[in-house]
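Everything below concerns the one structure shown next.
The values are calculated or read from the model by the stated rules, or taken from the named source; none is laboratory data. As the structure is a computational prediction, the values presented were derived from the model and not from experiment. Please note: Cβ atoms are built from the backbone with ideal geometry, for glycine as well, and neighbour counts cover all protein chains shown.
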Amino acid sequence: MKRIPYATQWIDDEDIAAVVATLKSSNLTQGPRITEFEKKVAEYCGAKYAVAVNSGTSALHIACKAAGITKDDEVITSPITFVASSNCVLYCGGRPVFADVKEDTINIDPQEIKKKITPKTKAIIPVHFAGNPCEMEEIQTIAKENNLMVIEDAAHAIGAEYHGSKIGSGKYSDMTIFSFHPVKHITTGEGGMVLTNNEELYEKLKFFRSHGITRDPRYIQRNDGSWYYEMHELGYNYRITDIQCALGITQLKRLDNFVERRREIAKRYNEVFSNYDGIATLKEMPQTKSAYHLYVILVKNRKFVFDKLREANIFVNVHYIPVYLQPYYQKLGYEPGLCPNAESYYEKAISIPMFPKLSDDEVNLIIKKIKELIK
Ligand SMILES: *Cc1c(COP(=O)(O)O)cnc(C)c1O
């Protein structure tokens, strides 16, 4: 039997044709496909502005820079996430502060956020784990009361909804980031984006994407001639290419279908696993529509089940090792035991295959195999 991965992209002929057409055009980068992709994602989400970059990690980094995160600032995030969600704070010289997750959704707990706020706290980075939106109303209230920025890490959640609005709309936050890595909902190979409704943040994001350089007459201080540009910030080269954005544009057309198929698969898994002895699943709240980037099952004998599934060519994975347990973070002084819910979740979690191209037969096979292992 061929290996079933936990996640993979779905590239069709239209995607390939769009990339080839861009390769034959005059702009491989800094051309029209980038602004078109930005506009289309912003429209899809209901946000005003979008800045496309070369990864979700770059998106987080420039979002933190635009938010003004600097030395010794504290930023509160979830421990159950990819390391990028907190590394972006370290890049800026700040200190990530981990607030524990809720047991039922594995999303950051607003009550735990409150407990972690100090005079140094500048921002909150909620992560919509597995594609299921965090309690953004509560988080927004906490942020307003304490004058904090909110940056949604929505790498798992493009296409998800909260109280009827799309994640990325910016209704409950200052900025939202997406990733277009191939395991995510839509891909550009590598890529990411920051969405915002705030013009000032938008201008800063563009600066940090490209060396802090501008030619915009609104900003330049002198003008020596038509060659002239100015560098105002220590920015980066986080630009994405037109080749990648051409792919993003055609992928975006299928996003709703991708999310629907993911939800269909989740429904089937839920039917079997949500009342199954020896297996627990995550909860989708009534106010949210999850985009199901991941489907996680929680089992007692995790290592055994994990190894047996991989032996059966069902290439399961674990999301995530609590970030602060990583050796680099341990060296920075974070102690084991910091977030008990996160650590107990980590002992039991397995991400089983979840991607739109997964066939019904494959879903049935995965279910059958898991049932055999957990009787
Ligand atoms: C994938 C991911 C990122 C980083 O995205 P890249 O495009 O891989 O840099 C950030 N946060 C979370 C939660 C992710 O899953």
Being more than 21 Å from the chain's Cα centre (by Cα), in a loop (DSSP other than H, G, I, E, B) and touching a residue at least 40 places away in the same chain (Cβ under 8 Å) is the requirement here; does Leu338 meet it?
yes
Would you check if Glu190 is under 15 Å from the mean Cα position of the chain (by Cα), in contact (Cβ under 8 Å) with a residue 24 or more places away in the chain and over 29 Å from Glu135 (Cβ atoms)?
yes
Subset of segment 99-122, residues of a type outside the set (S, T, N, Q), within 16 Å of the ligand (Cβ to nearest atom) and surrounded by 24 or more Cβ atoms within 10 Å (Cβ to Cβ), comes to Val101, Ile106, Ile108
Is at least one residue of segment 141-157 at pLDDT below 95, surrounded by fewer than 18 Cβ atoms within 10 Å (Cβ to Cβ) and more than 16 Å from the ligand (Cβ to nearest atom)?
no
With within 16 Å of the ligand (Cβ to nearest atom), in contact (Cβ under 8 Å) with a residue 12 or more places away in the chain and out of contact with any helix residue (DSSP H, G or I) (no Cβ under 8 Å at 6 or more places or on another chain) as the only criterion, which of Ala59, Ala50 stands out?
Ala59
Would you point out which residue out of Thr214, Thr250, Thr196, Thr187 is within 16 Å of the ligand (Cβ to nearest atom) and of a type in the set (Ser, Thr, Tyr)?
Thr187
Could you tell me whether segment 312-333 includes any residue that is within 25 Å of Asp361 (Cβ to Cβ), without any contact (Cβ under 8 Å) to a residue 40 or more places away in the chain, part of a strand (DSSP E or B) and not assigned by TED's automatic domain parsing to the domain that holds Ile186?
no
Single residue of segment 168-212 satisfying the filter (over 25 Å from Leu234 (Cα atoms) and aliphatic (A, V, I, L, M)) that is surrounded by the fewest Cβ atoms within 10 Å (Cβ to Cβ)
Val183
Within the set of pairs 6 or more residues apart or between chains, which connect a residue that is without any contact (Cβ under 8 Å) to a residue 12 or more places away in the chain inside segment 219-230 to a residue that is surrounded by 10 or more Cβ atoms within 10 Å (Cβ to Cβ) with Cβ atoms less than 6 Å apart?
Ile220/Glu230
